[in-house]
2 protein chains.
Amino acid sequence: MKNAQNSNLIAALGTSKRVHNFGAGPAVLPLPVLLKAQEELLDYQGSGMSIMEMSHRSREFADLMAEIDANLRNLLAVPSEYKILLQQGGASMQFAMVPMNLRLPGESADYIVNGAWGKAAIKDAAKLGSTRTVATTEDTNFDRLPSLASADLDPKAAYLHFTSNETIHGLEFFAEPKPPNGVPLVCDMSSNILSRPIAVAKYSLIYAGAQKNAGPAGVTIVILQEDLLDRVPDDLPVMLNYKTQAAAGSMHNTPPCFAIYILGLVLRWLIDLGGLAEIGRLNERKSGLIYRAIDQSGGFYRGHAQPDSRSRMNVPFRLTTEALEKQFLDEAKGENLVGLKGHRSVGGLRASLYNALPHESVQALVDFMKEFQRRNG
Amino acid sequence: MKNAQNSNLIAALGTSKRVHNFGAGPAVLPLPVLLKAQEELLDYQGSGMSIMEMSHRSREFADLMAEIDANLRNLLAVPSEYKILLQQGGASMQFAMVPMNLRLPGESADYIVNGAWGKAAIKDAAKLGSTRTVATTEDTNFDRLPSLASADLDPKAAYLHFTSNETIHGLEFFAEPKPPNGVPLVCDMSSNILSRPIAVAKYSLIYAGAQKNAGPAGVTIVILQEDLLDRVPDDLPVMLNYKTQAAAGSMHNTPPCFAIYILGLVLRWLIDLGGLAEIGRLNERKSGLIYRAIDQSGGFYRGHAQPDSRSRMNVPFRLTTEALEKQFLDEAKGENLVGLKGHRSVGGLRASLYNALPHESVQALVDFMKEFQRRNG
């Protein structure tokens, strides 16, 4: 009774003003997740304390970690021979941990570089050892996915790395690159994990900062084939060692408890909503709406990505002049449409359409785009 | 008006049940901090979004980072030639980053080991290069601080490392070790930072996981002399490189925004309370209360640490039998006194008395201790 009463009270407070948040990350979270977090912020499950104040060795927190593991396995259909880790440091820390853990002395690693994040990943890996760029479209400012048909893949590579979605350039892979036999496929899935079903078995290691589709900044999901742990060097520092982290259930030291808790709430929300098939359908519908608006604008709006490489998560687009782009941003803000400024390396505008962004927000943006074109086209 | 109304409503919800939380970390947070976080969880400063949903490149978040830097400098009297970083991975990540950044090839580092955390720090550093334990009391299960008078300190050491407070064994340094001329003093201050004034100028580098006195788990404070950055090797991965992190204002990638936000609220609370001199006085009073209860129990309660080495933050103590200890824990829980189980390496009980633990909680524990002794002594 008390809880129901609290929920109603807090819901009345919480929904007072919410904007349409198209930010590229940290990004919009599901409203029910925020309401639940608000409701139990001072008293987690009757414990008399916040989840932030609770021992990570407590029964409550152990239950939460187990639930998250089970829900990630369920949602992504993770095979049993994979371990799921929750790490700190974001995808950028994985840029270093992947080569430190998986590339043995003398080995080289292959990278497909289809945007800014792929570039950052190979840059760190190159500091620590040998790398090769096997496919890239940097020469056209990453306006399309690279062709993999002619890529010269190393059959002895420590792994083949790619970025499944590039937030800045708005490119997304819908089929996995196929590495040579025995070469592990490694993927930075930060910006499209949990946005649709994937075949985890095709990957040896997937990593993803949570702050796009999975939760707040501060926690990173790593899903890896357990037998990869056999090659982890023993002399790595504990916090950088997948084997230590796996053995300790991601709790060698105190994990980022609150970020993990929000991740847990997001996973529950996704399951309630119908899982990845359903969210995939919704995401396709949302991105379809905005790409149609671009394509039907007669060139008033121009997408950065070529149609066959388009991301469902991030839609970078330009107007005909920078002055018009600035006007668009300003007026959009007046309609509570925020987070639409493009990254400086592409310019213009960018709409990020992660899982938690409601369809109504995309509809509001598309309506505004049409109205703005009518007035300024 | 709306905000004041919200505050009242939420305060009525939030304070419904709170326990006395003696947990060793994650630990109790100030109630006003939690109430504020709850109030603005869905709408940070009128932005129409949660701080968790906001770009770390936004004006609001930049202002928050600047405020935290200023408030840490103010509270700790940090000299201007020091940089303050906010990192991920906890103190355990610093166990690796310190030697990676500060110990050049061929150099060795000296460690004072006065408990479990000092042991963990040197263990990771030893994986990566040369170390020496220059003082320890491991032979008496860390029941006292080691004597430094006879320590054989390396005048050419890359640095001298110590742990200012050991949470498990309950030992705290109240005077800094003095390294040989020119040897940087490095300190893991995770469990007593911000608990009283310190002389930052005596240190070259201080690091501290936030989850004791400063905030929730997921953010780590690093305070370092700027000229130390000159010795950072260029080939370190970006996330492990103090120079990169300092140059990027701790935002090379997305920082753990929510944990940082709570840290910011804790710092404001500390300033409102009167700063470190005042909190130091309160902490001395709280720990005095419980140590007196132990000392006046005629041996019914026995502290682990020798009196001249006692921590003001963590008070591990034993009863005469394990059965009695279990009974104590069970009955204490019935009185809403929680988080009192000692670490397995010391056994018995432990009361952690961090900044946010109210005096009333310590008084409630001491009253219970006396009553328990009366019934069972």
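The values are calculated or read from the model by the stated rules, or taken from the named source; none is laboratory data. This structure is a prediction, so every number in the text was calculated from the model and none was measured. Cβ sites come from the backbone with ideal geometry, for glycine too, and all protein chains shown count toward neighbours.
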inquiry  = Can you find a residue that is closer than 19 Å to B:A259 by Cα and hydroxyl-bearing (S, T, Y) anywhere in the stretch A:212-225?
reply    = yes
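Right, A:S204: away from chain B (no Cβ under 14 Å), among the hydroxyl-bearing types (S, T, Y) and surrounded by fewer than 22 Cβ atoms within 10 Å (Cβ to Cβ) or not? Please lay out each step first, then the result.
Working: away from chain B (no Cβ under 14 Å): yes; among the hydroxyl-bearing types (S, T, Y): yes; surrounded by fewer than 22 Cβ atoms within 10 Å (Cβ to Cβ): yes.
Yes.
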Picking from B:V113, B:V134, B:V183, the residue that is crowded, with 24+ Cβ neighbours inside 10 Å and of a type in the set (V, I, T) would be B:V113
Exercise. Looking only at the stretch B:150-164, decide whether some residue is within 14 Å of the chain's Cα centre (by Cα), in a loop (DSSP other than H, G, I, E, B) and crowded, with 19+ Cβ neighbours inside 10 Å.
Key: yes
Taking the stretch A:244-280 and the residues there that are without any contact (Cβ under 8 Å) to a residue 40 or more places away in the chain and within 14 Å of another protein chain (Cβ to nearest Cβ), the one that is surrounded by the most Cβ atoms within 10 Å (Cβ to Cβ) would be A:N253
Here the residues within the stretch A:41-55 that are facing another protein chain (nearest Cβ under 7 Å), of a type outside the set (S, T, Y) and crowded, with 22+ Cβ neighbours inside 10 Å are A:L41, A:L42, A:D43, A:M49, A:M52, A:E53, A:M54
Flagged in the stretch A:137-148 as at positive phi and buried (at least 16 other Cβ atoms within 10 Å of the Cβ), in numbering order, are A:F142
Of A:S195, A:S191, the only residue that is touching a helix residue (DSSP H, G or I) at 6+ places or on another chain (Cβ under 6 Å) and not assigned by TED's automatic domain parsing to the domain that holds A:G348 is A:S195
Selection from the stretch A:113-149 of residues closer than 25 Å to A:P233 by Cα and either of a type in the set (A, V, I, L, M) or assigned to a strand (DSSP E or B) (or both) yields A:A120, A:A121, A:I122, A:A125, A:A126, A:L128, A:S130, A:T131, A:R132, A:T133
Here the qualifying pairs (Cβ atoms under 7 Å; residues six or more apart or on different chains; first in the stretch A:302-329 and assigned by TED's automatic domain parsing to the domain that holds A:F372 and more than 20 Å from A:N355 (Cβ to Cβ); second among the polar types (S, T, N, Q) and not in a loop (DSSP other than H, G, I, E, B)) come out as A:L324/A:N376
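Go through B:E325, B:E335 for me and flag whichever is farther than 28 Å from B:P177 by Cβ and touching a helix residue (DSSP H, G or I) at 6+ places or on another chain (Cβ under 7 Å).
On the way: B:E325 fails: touching a helix residue (DSSP H, G or I) at 6+ places or on another chain (Cβ under 7 Å).
Result: B:E335 is the single residue among B:E325, B:E335 that is farther than 28 Å from B:P177 by Cβ and touching a helix residue (DSSP H, G or I) at 6+ places or on another chain (Cβ under 7 Å).
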Only one of B:D154, B:D139 is touching a residue at least 24 places away in the same chain (Cβ under 8 Å) and not hydrophobic (A, V, I, L, M, F, W, C), namely B:D154
Residue set A:A77, A:A126, A:A66; condition within 30 Å of A:L42 (Cα to Cα), at pLDDT 95 or above and surrounded by fewer than 18 Cβ atoms within 10 Å (Cβ to Cβ); output residue A:A66
Counted residues in the stretch B:314-347 being among the small types (G, A, S), touching a Gly at 6+ places or on another chain (Cβ under 7 Å) and surrounded by fewer than 23 Cβ atoms within 10 Å (Cβ to Cβ) come to 1
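What are the residues in the stretch A:342-361 that are more than 19 Å from the chain's Cα centre (by Cα) and either outside any loop (DSSP other than H, G, I, E, B) or more than 14 Å from every other protein chain (Cβ to nearest Cβ) (or both), if any? Quick ask: steps written out before the conclusion?
Here is the first cut: in the stretch A:342-361, the residues more than 19 Å from the chain's Cα centre (by Cα) are A:344-349, A:360-361.
Selection gives A:V346, A:G347, A:G348, A:L349, A:E360, A:S361.
Looking at A:V362, A:V346, A:V366 in this structure, which one is aliphatic (A, V, I, L, M) and within 17 Å of A:A27 (Cβ to Cβ)?
On the way: A:V346 fails: within 17 Å of A:A27 (Cβ to Cβ); A:V366 fails: within 17 Å of A:A27 (Cβ to Cβ).
The conditions single out A:V362.
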Taking the stretch B:351-367 and keeping only residues that are crowded, with 20+ Cβ neighbours inside 10 Å and more than 20 Å from B:A210 (Cα to Cα), one is left with B:S361, B:V362, B:L365
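Quick test for you: out of B:V33, B:V28, pick the one residue that is more than 7 Å from chain A (Cβ to nearest Cβ), out of contact with any Cys (no Cβ under 6 Å at 6 or more places or on another chain) and buried (at least 20 other Cβ atoms within 10 Å of the Cβ).
Numbers: B:V28 fails: more than 7 Å from chain A (Cβ to nearest Cβ).
Step by step, each of B:V33, B:V28 is checked, and only B:V33 is more than 7 Å from chain A (Cβ to nearest Cβ), out of contact with any Cys (no Cβ under 6 Å at 6 or more places or on another chain) and buried (at least 20 other Cβ atoms within 10 Å of the Cβ).
Does the stretch B:322-341 hold any residues that are among the acidic types (D, E) and outside any helix (DSSP H, G or I), and which are they? Spell out how you get there, then give the answer.
From the stretch B:322-341, those among the acidic types (D, E) are B:322, B:325, B:330-331, B:335; that's our starting set.
Matches in the stretch B:322-341: B:E335 only.
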Exercise for review: Determine if the stretch A:276-290 includes at least one residue that is farther than 25 Å from A:N74 by Cα, of a type in the set (S, T, N, Q) and part of a helix (DSSP H, G or I).
Suggested key: yes
